1. If I filter region 92-111 for residues that are within 26 Å of GLU44 (Cβ to Cβ) and small (Gly, Ala, Ser), do I get at least one hit?
2. Being among the aliphatic types (A, V, I, L, M) and either on the phi > 0 side of the Ramachandran plot or surrounded by 16 or more Cβ atoms within 10 Å (Cβ to Cβ) (or both) is the filter here, so list the residues in region 1-20 that pass it.
3. Using the structure shown, decide if ARG18 is among the basic types (Lys, Arg) and touching a residue at least 24 places away in the same chain (Cβ under 8 Å).
4. Kindly indicate the residue of region 124-146 that is more than 20 Å from ALA171 (Cβ to Cβ) and not basic (Lys, Arg) and also surrounded by the most Cβ atoms within 10 Å (Cβ to Cβ) among those meeting that condition.
5. Within region 74-109, which residues are among the acidic types (Asp, Glu), open to solvent by less than 70 Å² (accessible area, probe 1.4 Å) and part of a helix (DSSP H, G or I)?
6. Residue by residue through region 130-173, note down the ones that are small (Gly, Ala, Ser), touching a residue at least 12 places away in the same chain (Cβ under 8 Å) and out of contact with any Ser or Thr (no Cβ under 6 Å at 6 or more places or on another chain).
7. Within region 35-73, take every residue that is outside any loop (DSSP other than H, G, I, E, B), within 13 Å of ARG86 (Cβ to Cβ) and free of Cβ contacts under 8 Å to residues at least 40 places away in the same chain and give me the one that is most open to solvent (accessible area, probe 1.4 Å).
8. Can you spot a residue in region 23-31 that is under 22 Å from the mean Cα position of the chain (by Cα) and either more than 19 Å from GLY68 (Cβ to Cβ) or open to solvent by 50 Å² or more (accessible area, probe 1.4 Å) (or both)?
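The values are calculated or read from the model by the stated rules, or taken from the named source; none is laboratory data. Bear in mind the structure is a predicted one, so any value in this text is a computation, not a measurement. Cβ: placed from backbone, ideal geometry, glycine included. Neighbour counts: every protein chain shown. Accessible surface areas use protein heavy atoms only, side chains included; no ligands, DNA or RNA. Shrake-Rupley method; radii C 1.70, N 1.55, O 1.52, S 1.80 Å.
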Amino acid sequence: TARHRTLTEWLVEEMNLRYQVPKRLATAWLDGGRLVLLLDGLDEVHEDVRGACVTAINEFANEHAPAGLAVTCRVLEYSALAERLRLRSAICLQPLTPRQVDAYFERAGLENLRAAMRDDESLRELAQTPLILSVMTMAWRDTPAETLRGNETTPAEQRRRQLFDAYIQTALR
C-alpha cells in the first residue's frame, strides 16, 4: 500500500502485527535470509499496482536472498505483466484428470464417490483439485452414490453449494 515504501518494511510490519515478532528480530531474519516466504495471490493485487509488486518482489529477493520464496498467481494475470519475477523456477498447476480422481477414490475405498463421478459431469467438473477431493471425502464419505448423483442439468455451482453445505454439516458433527 501507499504507507509502505518497500516490501521489507511491509513484511516486518506484518510479522509484528500478525505474529507479534519484534520488528528488530523480523528485520534480522529478513536480512539474514532466514525465512521462507509464500506470497500468495499476486493475481488478487489490483491490476494497476501488480507490476510494481513484481518489481518490489524482485528487488527484495535480490537484496535479501531469502532461504525460499514462492509467489502464487493465476497464469492469465501473470502473462499480462510486462515484468517477470526473477525466481529460480516456476510451477504451473494443472487440474486433476478424471483418471487421477478415480484412482484417488479407489485407493481411499470410496466406491460411492467413484460411481457418482462416472455418471455426473458437474461432480467431475468440481473434482479437479486436491482440496475439493478432500472436502468431498469428508462430506460424502458415507453418502450412497444414488444420493450424490445430480441430473444432467444440475449446474456446477449448485453442486458446489451442496458439497460445502454437506461439508459444514459434517464438520459441525
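1. As a first pass, look at region 92-111 and keep what is within 26 Å of GLU44 (Cβ to Cβ): 92-96.
Still in the running and small (Gly, Ala, Ser): none.
So far as region 92-111 goes, no, none of its residues is within 26 Å of GLU44 (Cβ to Cβ) and small (Gly, Ala, Ser).
2. Those that are among the aliphatic types (A, V, I, L, M) and either on the phi > 0 side of the Ramachandran plot or surrounded by 16 or more Cβ atoms within 10 Å (Cβ to Cβ) (or both): LEU7, LEU11, VAL12, MET15.
3. Values: among the basic types (Lys, Arg): yes; touching a residue at least 24 places away in the same chain (Cβ under 8 Å): no.
Judged against the criteria, ARG18 is not a match.
4. Within region 124-146, the match that is surrounded by the most Cβ atoms within 10 Å (Cβ to Cβ) is ALA145.
5. Of everything in region 74-109, those that are among the acidic types (Asp, Glu), open to solvent by less than 70 Å² (accessible area, probe 1.4 Å) and part of a helix (DSSP H, G or I) turn out to be GLU77, ASP102.
6. Taking region 130-173 first, the residues small (Gly, Ala, Ser) are 134, 139, 145, 150, 156, 166, 171.
After this cut, where a residue has to be touching a residue at least 12 places away in the same chain (Cβ under 8 Å) as well, the list is 139, 145, 150, 156, 166, 171.
Passing the criteria: ALA145, ALA166, ALA171.
7. Among those that are outside any loop (DSSP other than H, G, I, E, B), within 13 Å of ARG86 (Cβ to Cβ) and free of Cβ contacts under 8 Å to residues at least 40 places away in the same chain, it is ASN62.
8. No, region 23-31 contains no residue that is under 22 Å from the mean Cα position of the chain (by Cα) and either more than 19 Å from GLY68 (Cβ to Cβ) or open to solvent by 50 Å² or more (accessible area, probe 1.4 Å) (or both).
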